[in-house]
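Taking it in order: structure first as structure tokens, then the write-up.
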Amino acid sequence: MESKVRVRFAPSPTGGLHLGGVRTVLFNYLFAKHHGGEFVLRIEDTDQTRFVAGAEQYIQDTLAWCGLNPDESPLHGGPFAPYRQSERKAIYKEYADQLIKNGQAYYAFDTAADLEAKRAEIANFQYSKAHRMEMKNSIALPAEEVEQLLQSDTPYVVRIKIPDQAEVKFEDIIRGEVSFDASTVDDKVLLKADGMPTYHLAVVVDDYLMKITHAFRGEEWLPSAPVHILLWQYLFGLDKMPKWAHLPLILKPDGHGKLSKRDGERLGFPVFAMDWTDPNTKETTIGFKEKGFLPEAFVNLLAMLGWNDGTDKEIFSIEELITNFSLERVHKGGAKFDYEKAKWFNAEWIKKMDNALLAELVKPYLDKEGIEVHEAAYLVKVIGLVKERCVLLPDFVTQSAFFFQAPKTIDIASIQPKWEEKKQGFFNELVKIYSDKIAQGLKTMPAETLETDFKELATTHGLKPGDLMLPFRIMLVGGKFGPGVFDIVENIELKDAITRINHTLGLLSSN
RNA sequence: GGCCGGUUCGUCUAUCGGCUAGGACAGCCCCCUUUCACGGGGCAAAGACGGGUUCGAUUCCCGUACCGGCUACCA
């Protein structure tokens, strides 16, 4: 009888959530949902010194934006609450005591200075079998002295006692069997002097208590896995241990190493999922959301960093990811992040997305630029006209502003050199024709009609339509971009077209 | 230094012993488009190295090289 799949994402609330973090969430989420299981968010706030106010809320907001909401979390609670490790402090102490009682852990009274001195003295110092007896701990010291130190409230930590010789191995879903020689790992601190557990103790205890069946985390955790395996063996039994999977890292696009916040700033792309403002420095780091990414695209691009379904398919909705995801197809090697490809995913999703939905997302950007949208349906129509030339949401501003207001600047330099009297005459007459249409009660005309009339008029003026298209476009939108000119005229209506033509004609003659 | 992990086009990747090594992004060219895109077509571009195993290795094994991670009372 298989127990229900339960996975967890366990971040420290120390700042913004970066790409790697969100991808870890994603893979956890996909795995859980694929197996009809549960996804837990647990906040690992055991390091008081690194705690950052607002970071926990930020994490929850980020998951919500990505659509990766946990089934259990500090915010919404759940059957295994509390989900904040700082609120579970007393629990860890019990397990630490149990380990000490069984001789699998011990008290250590060394001060920071003691350790520092020892590290300076001995190259490659390890707090393990080799030097354990030289230190101030309950194994090296006489029982009475230990008792006395404890009685006098001397600060202490609890360290795991790594067995002298043992091969510690486990099966990683992605990497296969991984084994370590226990003698190469040191006696890690389990409980800190302030009574808080370290990550090592906390993950094991909480994964057990919260009935986690599969534990996924970044590859950077692989080296400390033997400590966790040993703890599982000591405390709960290996048969209860979750299946492990260590995910490959997301690396810098250039050079080498793990992708960091600094790389984004240096290379000009976001690294955090959403804007993050450091409460201390007030410094804001831009996020994918604010940069103009769609959550669907963000999730899609993250999934493809280290995973694929074995076919050439690259565009996946979250539902498709859930049904197709399998941990066995996750890569072992790290992936360099490519921002160009990331933008491609977004462009694909923009093209794919429903115009009305897109309109709601684009509206705030227009508002911010002071562009007034009087009619929602009109915006939806415009979106349909320009979406395929937009990569990021803010691109809609430049690509569609001229549908709502006359361009602020006119690229006159692109018209001027080839401007001639004949063209002036052509546009004067075009204005006249449009005015006549308005007088006849027409507000606008279909693009096709507009085009035919335009070309006919050009011919009668002895001009090639092609020589008039560019000037006309610039008059209408201000530059060399945008959808077909007649689609624009059809939508902005005849009277606005007249205004814009006259405006540019004025600029041309005043020069 | 030690330990652990990794290594296919510039980048993300396919390949579960048969490969003329496929796709995508980026790049270049052409078509479409009297703008910019989208779209279509094409070009260029890869198995770190050395040993095995095998009829046959990118695929399996072993070394070496290189890259990365860890080596805190941080996660």
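The values are calculated or read from the model by the stated rules, or taken from the named source; none is laboratory data. Since we're looking at a predicted model, the values are computed, not measured. Quick reminder, even Gly has a Cβ in these numbers, built from the backbone with ideal geometry, and neighbours come from all protein chains shown. Side chains are part of the model used for accessible areas, which takes the heavy atoms of the whole protein and leaves out ligands, DNA and RNA. Shrake-Rupley method; radii C 1.70, N 1.55, O 1.52, S 1.80 Å.
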Self-check item: Fraction of the pair-distance distribution of the range A:353-403 above 15 Å, Cα-Cα pairs, percent
Solution: 31
Quiz item: In the range A:385-491, what is the volume of the convex hull around the alpha carbon atoms, normalised per residue and reported in Å³?
Solution: 111
Quiz item: Per the Cauchy relation, a quarter of the hull surface: what is the mean projected area of the convex hull of the alpha carbons in the range A:128-183, in nm²?
Solution: 5.4
Exercise. Using only the alpha-carbon atoms of the range A:23-174, report the extent along each of the three principal axes, biggest first, to the nearest angstrom.
Key: 56, 36, 32
Self-check item: Test item: Cα-centred dipole of the range A:412-510, Lys/Arg +1 and Asp/Glu -1 on Cβ, debye
Solution: 280
Self-check item: Spin-label model distance (nm) - A:K258 vs A:D194, 7 Å beyond Cα toward Cβ
Solution: 2.1
Exercise. Provide Rg over Rh for the range A:86-203; use the alpha carbon set for both Rg and the Kirkwood Rh (inverse mean inverse pair distance).
Key: 0.99
Exercise. Sticking with the crude label model, points 7 Å out along Cα→Cβ, report the distance from A:E220 to A:M353 in nm, one decimal please.
Key: 3.1
Quiz item: Roughly how much of A:K443 is accessible, in Å² to the nearest 10, using a 1.4 Å probe?
Solution: 140
Quiz item: What's the Kirkwood radius of chain A in Å, using all Cα pairs?
Solution: 27.6
Quiz item: Given the rule -39500 (n - 2.57) for each run of at least 4 DSSP H residues, summed and divided by the residues of chain A, what is its mean residue ellipticity at 222 nm, to the nearest 500 deg cm²/dmol?
Solution: -13500 deg cm²/dmol
Self-check item: Values of log10 I(q)/I(0), in the order q = 0.13, 0.19, 0.24 Å⁻¹, for the range A:69-140 under a Debye, Cα-only, solvent-free model
Solution: -0.62, -0.83, -1.05
Quiz item: How big is the antiparallel share of DSSP beta bridges in chain A, given as a percent to the nearest 5?
Solution: 55
Exercise. May I ask you to compute the full-extension gain from A:H374 to A:E94, defined as 0.36 nm times their residue separation minus their alpha-carbon distance, rounded to one decimal in nm?
Key: 94.3 nm
Exercise. Could you state how much accessible area A:F396 has, in square angstrom rounded to the nearest 10, with a 1.4 Å probe and all protein chains kept in place?
Key: 0
Self-check item: Accessible surface ranking that places the most exposed of A:S86, A:S400 first, with a 1.4 angstrom probe
Solution: A:S86, A:S400
Quiz item: In straight Cα distance, which lysines are under 16 Å from A:K341, not counting same-chain residues fewer than 8 positions off?
Solution: A:K252, A:K291, A:K313, A:K351
Quiz item: Carbon and sulfur atoms: what percent of the 1.4 Å accessible area of chain A do they account for?
Solution: 51
Quiz prompt | Cβ-derived FRET efficiency at R0 41 Å, A:Q405 paired with A:H34, nearest 0.05 | solution = 0.25
Quiz prompt | For chain A: relative contact order, % (alpha-carbon pairs under 8 angstrom, 6 or more apart) | solution = 12
Exercise. Determine the gain in length on full extension of the stretch A:Y339-A:T452; use 0.36 nm per residue of separation and subtract their C-alpha separation, reporting nm with one decimal.
Key: 36.4 nm
Quiz item: Pairs A:K192/A:K282; A:K343/A:K408; A:K89/A:K118; A:K101/A:K188; A:K161/A:K192: which exceed 21 Å Cα-Cα?
Solution: A:K192/A:K282; A:K343/A:K408; A:K89/A:K118
Quiz item: Tell me, what is the per residue accessible area of chain A in Å², probe radius 1.4 Å?
Solution: 46
Quiz item: Among A:21-29, A:152-160, A:415-423, what's the highest-first ranking by average C-beta atoms within 10 angstrom per residue?
Solution: A:21-29, A:152-160, A:415-423
Practice problem: With viscosity set to 0.890 mPa s and temperature to 25 °C, compute the Stokes-Einstein D of the range A:430-490, Rh being the Kirkwood radius across alpha carbon pairs; µm²/s, no decimals. | Solution: 202
Exercise. Using a 1.4 Å probe and counting only protein heavy atoms, arrange A:H246, A:H256, A:H331, A:H214 so the residue with the most accessible area comes first.
Key: A:H256, A:H331, A:H214, A:H246
Self-check item: Solvent exposure, largest accessible area first (probe 1.4 Å, DNA, RNA and ligands not counted), of A:V271, A:V189
Solution: A:V189, A:V271
